[in-house]
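Below you'll find the structure, written out as structure tokens, and then a few comments.
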Amino acid sequence: MAVPSGEGAVAWDVAERVARWVGSRGRTPAPYRPDLLQQDFEELTAQAEELVAEATGLRSSTGPARARVTDRAGWVHANIASFQRLIGPHLDKLDPARVVRTNPVTARMAGPLSTAARSATGAQMGLVLGWLSTRVLGQYDLLLTEEAVEDQDLVYFVGPNVVALEQLHGFEPREFRLWLALHEVTHRCQFTAIPWMRDYFVSLVEEGIGSLEPDPSRLAEALRRMTEELLAGRNPLRDNGALGLVATPEQLEGLHRIQALMSLLEGHGDVTMDRAGAAAIPSAARFSEVLRQRRKETRGLVRLLQQLIGMEAKLRQYEEGERFIAAVEDSGGPELLDRAWRGPEWLPSLVEIRNPSEWISRVGTAPALSG
């Protein structure tokens, strides 16, 4: 996707350049043959689709999955393109330059300060994406619009990161790659086989972004809340990252709906990955354990970065989602869990994700759908 022209392109352009630089400064990518890796993932992604369909009953309505092996820079570019599609229309009102233009003292310098503000925003985004590009192994790129279909609805695999992890831990490549494909294909099925899921997810994100307004006064309130949490012995960034500190109660409620949904989807992805690959992937348990430890191994400044951008909350989504699914299936089997896919009103709230018995009590007595 081409970067748009005009003032709004500044932040995106800076973000991509910074992210590429940060990604290139990370651990040296492992040498690999992209053409052979692409062939491998095309075959294994097709195999993963069949295994996921057998394990879950979910089959995509948009045709076979398309695998694409990319490098770190390619992954950064794909994510910036997705961000542009999803949040680009909302960025004008969140532009820091608006505060500059409406302030009588700085209005005369609106041009230079606007460019500086956009550059700073882009640099912050680029630092985060650059760091993530050194860690991510695979990702499903959600079909967000009906345009530029060739650049959407793809299952990405970051070749150098995949090969580096295989070499570091002595993983059997075909097994590990199939295992990764199972997780990403499960996410694709969640969004393309459940008719309402894609539109509901996009609406949650757009609603959350659309409700945000630049309000410098909220920074003082955020600092006060952070101090109170620290004095009480709690981590103020634990659940929602920095965004949770400046969000209004209404915005926080929307954020929690997104968190609950992602916990369900990530937990379901992990459970399906292990379950669907049980026969085909003898090393699945070892892969799971290594990646769990990998998620927890960060310390120091990297740990702080994870907290600030909400990554720690995302990492807990895997654990909380898996615990929720285990409790639901212990109570009523996969049939009970399938009720979550009936519609948005059947989804668990964040409270119910953390207390599965409440969701089970709410939906467990509902009548089964007629065939």
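Could you tell me how many of the residues in the stretch 118-135 are charged (D, E, K, R) and at pLDDT below 75? Of the residues in that region, 1 qualify.
Would you mind listing the helices (runs of 4 or more DSSP H) fully within the stretch 17-117 where at least 3 residues are at pLDDT below 90?
Because the criterion is at least 3 residues that are at pLDDT below 90, the helices (runs of 4 or more DSSP H) in the stretch 17-117 that meet it are 72-87, 91-94, 96-102.
Taking the criterion of being surrounded by 15 or more Cβ atoms within 10 Å (Cβ to Cβ) and either closer than 18 Å to Glu175 by Cα or aliphatic (A, V, I, L, M) (or both), the residues of the stretch 16-39 that qualify are Val18, Ala19, Val22, Ala30, Tyr32, Leu37, Gln38.
Check whether at least one residue in the stretch 167-187 is touching an Asp or Glu at 6+ places or on another chain (Cβ under 6 Å), surrounded by fewer than 19 Cβ atoms within 10 Å (Cβ to Cβ), part of a helix (DSSP H, G or I) and modelled with pLDDT of 90 or more, and report yes or no. Scanning the stretch 167-187, I find at least one residue that is touching an Asp or Glu at 6+ places or on another chain (Cβ under 6 Å), surrounded by fewer than 19 Cβ atoms within 10 Å (Cβ to Cβ), part of a helix (DSSP H, G or I) and modelled with pLDDT of 90 or more, so the answer is yes.
Let's see how each residue does on (1) modelled with pLDDT of 95 or more; (2) outside any helix (DSSP H, G or I); (3) among the basic types (Lys, Arg); (4) exposed (fewer than 15 other Cβ atoms within 10 Å of the Cβ):
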{"site": "Lys314", "(1), (2), (3), (4)": "no, no, yes, no"}
{"site": "Glu320", "(1), (2), (3), (4)": "no, no, no, no"}
{"site": "Arg323", "(1), (2), (3), (4)": "no, no, yes, no"}
{"site": "Gly333", "(1), (2), (3), (4)": "no, no, no, yes"}
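For the stretch 348-359, the condition holds for at least one residue, the condition being that it is surrounded by 13 or more Cβ atoms within 10 Å (Cβ to Cβ), modelled with pLDDT of 95 or more, under 20 Å from Ala193 (Cβ atoms) and not aliphatic (A, V, I, L, M).
A Cβ distance below 6 Å, combined with a sequence gap of six or more or placement on separate chains, defines the contacts here; from the stretch 252-267, residues that are in the same structural domain as Arg292 (by TED's automatic domain parsing) reach residues that are of a type in the set (Gly, Ala, Ser) and buried (at least 22 other Cβ atoms within 10 Å of the Cβ) in the pairs Ser263/Gly321; Leu264/Gly321; Glu266/Gly321; Gly267/Gly321.
The values are calculated or read from the model by the stated rules, or taken from the named source; none is laboratory data. Because the structure is predicted, anything quoted here is derived from the model rather than measured. Every residue, glycine among them, receives a Cβ derived from its backbone with ideal geometry; neighbour counts consider all protein chains shown.
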